[in-house]
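Working notes, structure below.
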Amino acid sequence: MSLHDDVEITSGMQRYIDQNNRYLAERDRYIHEVVKKWKFDTIAVHGLYSVSDAIKDYQGAIIEPIFMSTSQAYADSDEMAAALAYKIPTWCYSRIANPSTYYYEWTLALMEGYGFAGETSCCSTSSGMSAIMTAVTPFLQVKNKADEPCNFVATAQCYGGTFQQFTVRFMQQRNIECRWVLDATNLDEWASKIDKNTRFLYGELPSNPQLGFFDIQAVADLAHSHSLPLICDSTVATPALLRPICHGADIVVQSVTKSLTSSGFGICGAVIARKNLIANIDDEQLKADFSLSVKYLQNRDFGPNLHPVQAVMTLNDMRTLRSKMDLMSRSTMQVAQFLESHPQIESVQYLGLPNHKHHDLASRYMWLVDAEFDEQYGKPVNRYGHLMSFCVKGGAVRARSFFDNLQRIWRATDLGRIKSVATIPAISTHQQQGAAGRAMANIPPNMVRLCVGAEHPSDIIADLEQALDRI
């Protein structure tokens with residue numbers, strides 16, 4: 001935890017440091033000897049909040065308490081000095097940390113790291129967009145004014161907000177080049193965009209809304225051969241279906257607002273990273289524990305903190321993630337099959353369909369976690385998520401007519417909800433990137449994005465059918 005090595009340690013501070021080192025050692029033992037042996041569902045339900053924690057510290061509360069307080073009080077000046085030097089665990093100020101966000105972070109770190117032999121840690125953020133900014137900013141350092149501008153390589157098929165952040169906030173405002181990969185399955189295209197000033201590779205999979213995909217392990221190996229980290233946005237899949245860190249990725253960003261938080265009660269994000277990641281920047285602390293470093297240093301100054309109420313509400317949503325993603329994936333497959341055969345539909349983009357160009361590649365990576373231990377399945381089972389898109393025949397006007405005819409499916413820019421939600425990306429999530437940007441990302445004006453919820457699939461199909469019949 002030592003992020004400030006230049007602080008003079010007094011004997012009084014050392015007493016608190018020794019005490020907290022014993023606590024950290026016991027927590028690490030609990031993680032490795034107990035929690036890491038649990039199945040995914042148990043980790044999602046309990047995280048690191050234990051019965052002993054509840055009884056010892058929180059009057060037996062079986063659900064993680066919400067700490068509605070701006071700051072922490074200290075026993076004396078020695079404890080405060082040790083805490084503010086980050087020599088001991090602290091929630092000195094809720095812009096930096098809070099016990100409620102700790103439990104959220106630990107749970108997500110364990111979920112994304114499930115099946116990974118190494119260690120992971122997590123930094124909570126106030127949104128998915130702040131998670132992306134948190135993940136990429138540390139690598140875009142300029143050491144001196146004489147340096148050539150740095151660059152990074154990213155998949156062109158990505159969320160519209162990501163495209164805007166990379167294009168406007170970095171390229172136009174900071175002269176940091178984003179080199180877009182048009183075909184993320186083409187490893188040569190990735191390689192052709194890397195040079196001595198490249199700082200990281202970034203990919204979204206499955207991509208929103210086009211369902212783009214790439215070979216994570218191959219791209220990670222390419223990145224590491226150049227001493228670069230691979231950052232993956234895995235929002236659509238969630239750790240219930242895909243955990244990029246297990247396949248070589250260094251950092252995962254989650255718009256936890258979406259699939260992880262199906263209730264739709266609020267906005268939140270997270271950055272999850274493997275410890276001792278690979279990077280070509282001169283910052284050993286950052287590489288040793290990326291999430292902790294950005295939490296206590298970078299984000300302390302930028303302030304994209306998560307509210308403790310949202311942290312605990314999200315924790316409650318995440319507890320049943322595996323079963324929800326299974327249910328909604330199975331329903332989405334039925335909806336995709338219906339649309340694929342409908343005469344008013346031009347094309348359907350869903351990774352679960354055998355004729356999708358990325359179906360075989362996605363089938364190598366997207367598995368319902370722990371299906372082999374499930375009484376219902378008893379073997380590994382592919383699941384492809386709840387997000388799909390399709391193009392309506394006849395162009396944008398007919399697509400909008402169909403969209404306006406929907407009755408039970410909600411018209412909104414949201415996704416990952418327990419309720420089915422649809423949008424037209426060209427006029428909503430990807431409107432700002434312009435016609436040229438949408439063409440580069442393969443987002444035609446007649447594309448509809450559908451995120452299938454937990455309703456019975458026959459009712460979703462009935463709403464789609466009546467809307468299509470009326471155009």
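Results, tabulated for the structure shown:
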| read-out | value |
| --- | --- |
| Cα gyration tensor shape of the chain, rounded if a/c is under 1.5, else prolate or oblate by comparing a/b with b/c | prolate |
| Nitroxide proxy distance, nm - points 7 Å out along Cα→Cβ at residue 175 and residue 442 | 3.5 |
| Phi to ³J(HN,Hα) by Karplus 6.51 cos²θ - 1.76 cosθ + 1.60 over the range 338-345, Hz, x for Gly, Pro | 4, 5, 4, 9, 7, x, 8, 9 |
| Label zone at residue 469 (point 7 Å along Cα-to-Cβ), backbone N below 18 Å, the range 375-413 | 401-409 |
| Mean Cα-pair separation over length for the chain, i.e. relative contact order, pairs under 8 Å, 6 or more apart, % | 16 |
| Residue 34/residue 218 FRET efficiency (R0 56 Å; Cβ-Cβ; nearest 0.05) | 0.95 |
| Estimated FRET transfer efficiency (residue 69, residue 393; beta-carbon r; R0 56 Å; 0.05) | 0.50 |
| Prolate/oblate/rounded label for the range 176-293 (Cα gyration tensor, a/c 1.5) | oblate |
| Normalised contact order of the range 99-318, rounded percent, pairs of Cα under 8 Å and 6 or more residues apart | 29 |
| Label point at residue 462 placed 7 Å out along Cα→Cβ; residues across the range 406-427 whose backbone nitrogen lies under 18 Å | 406-410, 419-421 |
| Neighbour net charge for residue 226 - beta-carbon separation under 12 angstrom, K R +1, D E -1 | +1 |
| Mean Cβ neighbour count within 10 Å, used as a protection proxy, ranking 217-230, 254-267 highest first | 254-267, 217-230 |
| Principal-axis tilt of helix 11-33 within the chain, Cα atoms, nearest 10 degrees | 40 |
| Subset of 37/295; 37/258; 39/379 violating a 22 Å alpha-carbon distance limit | 37/295; 37/258 |
| Between the range 177-225 and the range 159-176, the Cα center-to-center distance that results, in Å | 17 |
| Global form of the range 305-433, assessed from the alpha-carbon gyration tensor, a/c cut-off 1.5 | oblate |
| Stretchable slack from residue 411 to residue 142, in nm (0.36 nm times residue separation minus alpha-carbon distance) | 92.5 nm |
| Projected label distance in nm at residue 191 and residue 42, using a 7 Å step from Cα toward the beta-carbon | 4.4 |
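No lab work stands behind these numbers, since they all come straight from the coordinates. Values in this document were obtained by computation on a predicted structure and should not be read as measured data. Reconstructed Cβ throughout: ideal geometry from the backbone, glycine too, with neighbour counts over all protein chains shown.
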